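**Student:** I'd like to ask some things about the structure below.
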Amino acid sequence: MIPIARPLIGEEEKKAVLEVLESGMLAQGPRVREFEEAFARYCGCKYGIATSNGTTALEVALRGFGITRGEVLVPSFTFIATATSVVHAGARPVFVDVDKETFTMDPEDLKKKITPKTRAIIPVHLYGQCAPMDEILEIARENNLVVIEDACQAHGAEYKKKKAGSMGDAGVFSFYPTKNMTTGEGGMVVTSNSEAAERMRLYRNHGQASRYEHVSLGHNYRMTDIAAAIGLEQLKKLEDFIEARRKNANYYNEQLENLDGVRTPIEAPERRHTYNQYTLVVEERDMLASALENKGIGYGIYYPKGCHEQPVFSTRDRLPNTDWLTKRVVSIPVYPGLSQEELETVARTIKSVFS
Ligand SMILES: *Cc1c(COP(=O)(O)O)cnc(C)c1O
């Protein structure tokens, strides 16, 4: 059995958790503070605000920039949280189509969706590769819009040597076990805007400015020191994790590039793809899926429906590239712990279907 994802937890994480447990300080404390500083530094940002998960981090980021009404432009081809967090913050998501080659936001469609009510854009660095940030940031500047990068799948990804999460007004990360690094559950906002960072800290913790002094509406979206202790150790290993993912992706590229009926993912110019997912585009997806199942190989369909088609939103939008991709994408195991033998099994199984 080869699962679609498998987090790598070592002795370092176990030891760090044990230390927290023995300290008696389990909730948000010194480890969270350290993790925020280390992660923000890694991203090239001044401030980190740790939260309970990536979904709450998205809401916190939006609220930090006052995006609590109006419209927010989001790709439809993403995990549902990108869009629902906009609703939780009080605004309305408007869905934008993606580019078929890179799976990320299409700047041309983005321009068409801007209205007088538009307040912000959330580009998603899907599968670990950055959206076209130059084009998106220029559109944002021209229209005076806030940009919040959904980098939940893109820890360590780069665009023109800049780290994911550091290019917009804020960047948002998730530490769910399937991501490039994990804390079990966890999230983080990074930003270099000190006022926004302060508002985010307040919102995360009941609007509490000092003990039992609540200056604004807030929530309990805090991270625990247990999670942060895991995160600090995972962060030390992140570069190695990413290099292993890139190596695995290269192997698949070599093996699968020239197969008829299979499109391997591209690394667009001036990007560092971190391959949180290695995603093929295939015409015969059902056939491939059953071959993988027969061999006990996990796979994922991210995502079988655009957000614009989910019952929770049920819009009448027409997003042709999103609809086309949702019928054809399939992601295969690419995580760092895969053995050469497992990689070969996956490649061989796919080749047996398409040659
Ligand atoms: C994982 C993910 C999220 C949400 O993160 P959680 O930690 O699961 O709440 C948001 N956006 C994208 C693109 C994601 O992949």
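**Student:** Using θ = phi - 60° and the Karplus form 6.51 cos²θ - 1.76 cosθ + 1.60, what ³J(HN,Hα) does each residue of region 167-173 get, whole Hz, x for Gly and Pro?
**Tutor:** Coupling constants for region 167-173: 9, x, 6, 7, x, 10, 10 Hz.
**Student:** Let me ask you something else. Taking only DSSP H segments of four or more residues, each worth -39500 (n - 2.57), what value at 222 nm results for the chain once the sum is divided by all its residues, to the nearest 500 deg cm²/dmol?
**Tutor:** Only helices count here, giving -12500 deg cm²/dmol.
**Student:** Give me the net charge of Arg271's neighbourhood, meaning all other residues with Cβ under 15 Å from the Cβ of Arg271; Lys, Arg count +1, Asp, Glu -1. Let's see the in-between values first.
**Tutor:** Working: positive: Lys160, Lys161, Lys162, Lys163, Arg245, Arg246, Arg272; negative: Asp99, Glu101, Asp134, Glu135, Glu149, Glu158, Glu267, Glu270.
Around Arg271, the surrounding residues sum to -1.
**Student:** Please list 3J(HN,Hα) in residue order for region 216-224, calculated via the Karplus relation 6.51 cos²θ - 1.76 cosθ + 1.60 where θ = phi - 60°; whole Hz, with x for glycine and proline.
**Tutor:** 8, 5, x, 8, 9, 10, 6, 8, 8
**Student:** Please list the non-local residues whose amide H lies under 5 Å from the amide H of Lys46, H modeled 1.01 Å from N, same-chain partners needing a gap of 5 or more.
**Tutor:** For Lys46, the qualifying residues are Thr191, Ser192.
**Student:** In addition: What list of ³J(HN,Hα) couplings, whole Hz, do you get for region 327-337 from phi and the Karplus terms 6.51, -1.76, 1.60, once you set θ to phi - 60° and write x for glycine and proline?
**Tutor:** Using θ = phi - 60°, the values come out as 8, 10, 7, 8, 9, 10, x, 9, 5, x, x Hz.
**Student:** Got a sec? How would Glu149, Glu283 order by Cβ neighbour count within 10 Å, fewest to most?
**Tutor:** The most exposed by this proxy come first: Glu283, Glu149.
**Student:** Using the structure shown, list the pairs from Lys113/Lys305; Lys46/Lys305; Lys247/Lys351; Lys14/Lys351 with a Cα-Cα distance above 28 Å, or answer none.
**Tutor:** Flagged as over cut-off: Lys46/Lys305; Lys14/Lys351.
Computed from the coordinates by the stated procedures, all read-outs in this text should not be read as laboratory data. Quick caveat: nothing in here was measured; it's all calculated off a predicted structure. Note that each Cβ is placed from the backbone with ideal geometry, even for glycine, and that neighbours are counted across all protein chains shown.
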